[in-house]
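A short worksheet on the structure shown next.
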Amino acid sequence: MAFTKYLQSKPWILIIILISISSFRPSPHYYHSPFHMPWAEAGLTKKQAAAHLLDRFTFGAHKEDPDRLAKMGLEEWFLAQLKGNLPNEELDKRLAQYDALALSNEQVLSIFPRPARLFKEAVEAGFLKKDEFLPDKKSPENRQAIKAYMDSKNYRPHQELFRQFINQKILRAAYSNNQLQEILTDFWFNHFNVSLTKNECAPYIPSFERDVIRPNATGKFFNLLLATARSPAMLLYLDNFSSMGQNEQMLEQKRMAEERMHRKIGSLDPESPLAKQLQKRVDRLKNEGLNENYAREIMELHTMGVDGGYTQNDVTEAARVLTGWTIFPANQEGPGRVIRKMFDQSGEDRLTAKGFLHDGDFLFAMNRHDTKEKTVLGKTFRQGGGYEEGVALIRLLADHQSTATFICKKLAVRFVCDEPPSALIVRMAKTFRTSDGDIQEVLKTMVASPEFWAKGSVREKTRSPFELAIASIRILNADVKAPFMIYNYIKKMGQNLYHYQAPTGFPDKGSYWINAGSLISRMNFGMDMAAQKIPGVHLDLAALNDHHEPESSEDALKTYAYLILPGRDMEPTLNRLKPLVMDPSIQQKINDAAASSPVQENIQIVDDMFEEEVTEKKKQRPAAPVTEDQQIMQDENKLLAQVVGIIIGSPEFQRK
């Protein structure tokens, strides 16, 4: 009462209090986020909604995951996945054996030398005679000589680097607790595709995924785009590393270099190897110039889309802006020797003052840059610019309205359905533009939209071979000791990881993955997986059902179908699969169909080290006699494996 009277006598104090209250803004942690998933409005139960989230934002659920998510809260689980900082002790232990994954690009090139360098060094060291080597490079004698030289230098073969790289992808997808981070790493790598089939960029691809894609997978799109533009893998894959502007300094350097080589050639026998080699260098110099490959793909595939509103002139002008964006060589082979020598002679500080920029593996070479005026998408880049022109161009493309639509449609295709509604794309694109391309905010808009939960979106995406294999590992709680064996099956089902040659990446439509041959390969994978015929992959099917033995094959089908396919209407699936489960010759029928079908590829690749280990263990361990009880158990396990294999290979498991 006294306080009220005091305020009446001092009205200005009341005014201050009212102003303070009106301006109060609680911190983000003061109240619960308004982020809401409208699964109930779509007619889903909480467990069904949890299963849908797991289908879209993990590589596969464990049997207990839907209940765990429903209890935790769907929004809370999704936000935790967006942060991507859950501990990964088990995964870290599995990855510890792969030492090449932590190497810098310079270390990779030093330890895993390119074949041309290896041959040259082996000849110079006397391990090979050039004339004897060339006619038959793969003879046992030449292979032995190369191996002896590699051992003397502690070199390792490229195959080992790529095997470790492929193994880590399988292990991360199967065992990481930060599933959404791995899903997005896979998505963005495919969007900014580079391929191991291009030898020049192949050694840089592990660091491309590790240092460029994964750290930026849930950040701002501009940062991701800029990081890919500067990466050695992309610079080599789309040839921008060799793109040069026609500035006066560069033209003069080329003219002088050609004159020097012509004088040298004139003093030699025209048919001598050195003269021919110098003539090839002259021809290369003449062909050097502007390369439009990357400029075209950054517009068509990485940002605006083929119908984004740019012209051929925009592509050419963008290529001019990006001249000089190249690689700082990790060694002194070939052209790298010239760049290293230039830095050694001039000093980095002096070159920086002249407009050069050296940052790790990236180099902006001012002497290769087109310094004249350019115009891209109506924006003028004035004469005399340098590296900052390229950054401004990438910002222009990242902020373009067509980019927002193109990127959001790709995300919607990946996470919603093959033909996402336009209203959803418009909503996501608006968030993309207002949040400065914040990938997390775009994904939150997507899962807060009714289209994500609509009947036409639930279980309407088709698993790729990679997704099918990883989903099987996760739902069956498989222990994978030899990931490369899983890769063999993925490749046989039609997806050769990191080997898609076109910059488009693998198509993200069900029609691309499903055909008669691939369906048989998928069924074969399911049967081999469940029967534990894949070396280095171990699982306990009985443990999935808490070691409760099904009473019959029909009971086993029903029990394991609900465990492997949670949250689904199982009656139609059970009716389709029942005849297959009851057929004792189903495996032979699958084998016969596989033999007569045009499967994409017959895979013979194996992990040599693992194969040797298994062979040695088989020698040491003679087969023990089988008792009657053991035979009964083996028959039961065989029946259970057939049931589980059929479920894994079924059309219902192909969908997510």
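The values are calculated or read from the model by the stated rules, or taken from the named source; none is laboratory data. Just so it is clear, the model here is predicted, and its values are computed rather than measured. Note: ideal-geometry Cβ built from the backbone for every residue, glycine included; neighbour counts use all protein chains shown.
Structure values in brief
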item: For E348: the one exception among (1) acidic (D, E); (2) more than 27 Å from G505 (Cα to Cα); (3) at pLDDT 95 or above; result: (3)
item: Flag if I170 is out of contact with any Gly (no Cβ under 8 Å at 6 or more places or on another chain), closer than 30 Å to F415 by Cβ and of a type in the set (A, V, I, L, M); result: yes
item: Qualifying helices (runs of 4 or more DSSP H) (wholly inside region 1-75; at least 1 residues being hydroxyl-bearing (S, T, Y), at pLDDT below 95 and surrounded by 14 or more Cβ atoms within 10 Å (Cβ to Cβ)); result: none
item: Selection count, region 428-448, where residues are in contact with a helix residue (DSSP H, G or I) (Cβ under 6 Å, 6 or more places away or on another chain), in a helix (DSSP H, G or I) and not hydrophobic (A, V, I, L, M, F, W, C); result: 5
item: Out of E373, E388, E441, sole residue that is without any contact (Cβ under 8 Å) to a residue 40 or more places away in the chain, charged (D, E, K, R) and within 30 Å of L109 (Cβ to Cβ); result: E388
item: Members of region 468-512 that are assigned to a helix (DSSP H, G or I) and basic (K, R); result: R474, K491, K492
item: Subset tally (residues that are surrounded by fewer than 17 Cβ atoms within 10 Å (Cβ to Cβ) and either within 30 Å of W513 (Cβ to Cβ) or under 23 Å from the mean Cα position of the chain (by Cα) (or both)) for region 419-436; result: 4
item: Residues being touching a residue at least 24 places away in the same chain (Cβ under 8 Å) and of a type in the set (D, E) - total across region 187-216; result: 2
item: Flag if L322 is of a type in the set (A, V, I, L, M, F, W, C), closer than 23 Å to R230 by Cβ and surrounded by 21 or more Cβ atoms within 10 Å (Cβ to Cβ); result: yes
item: Lone qualifier among K455, K481 - being modelled with pLDDT under 95 and not small (G, A, S); result: K455
item: Flag for A174 being crowded, with 21+ Cβ neighbours inside 10 Å and under 30 Å from A229 (Cα atoms); result: yes
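For every residue, the table says whether it meets (1) assigned by TED's automatic domain parsing to the domain that holds A404; (2) crowded, with 18+ Cβ neighbours inside 10 Å; (3) at pLDDT below 95.
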| position | (1), (2), (3) |
| --- | --- |
| N293 | no, no, no |
| H302 | no, yes, no |
| F343 | no, no, yes |
| T352 | no, no, yes |
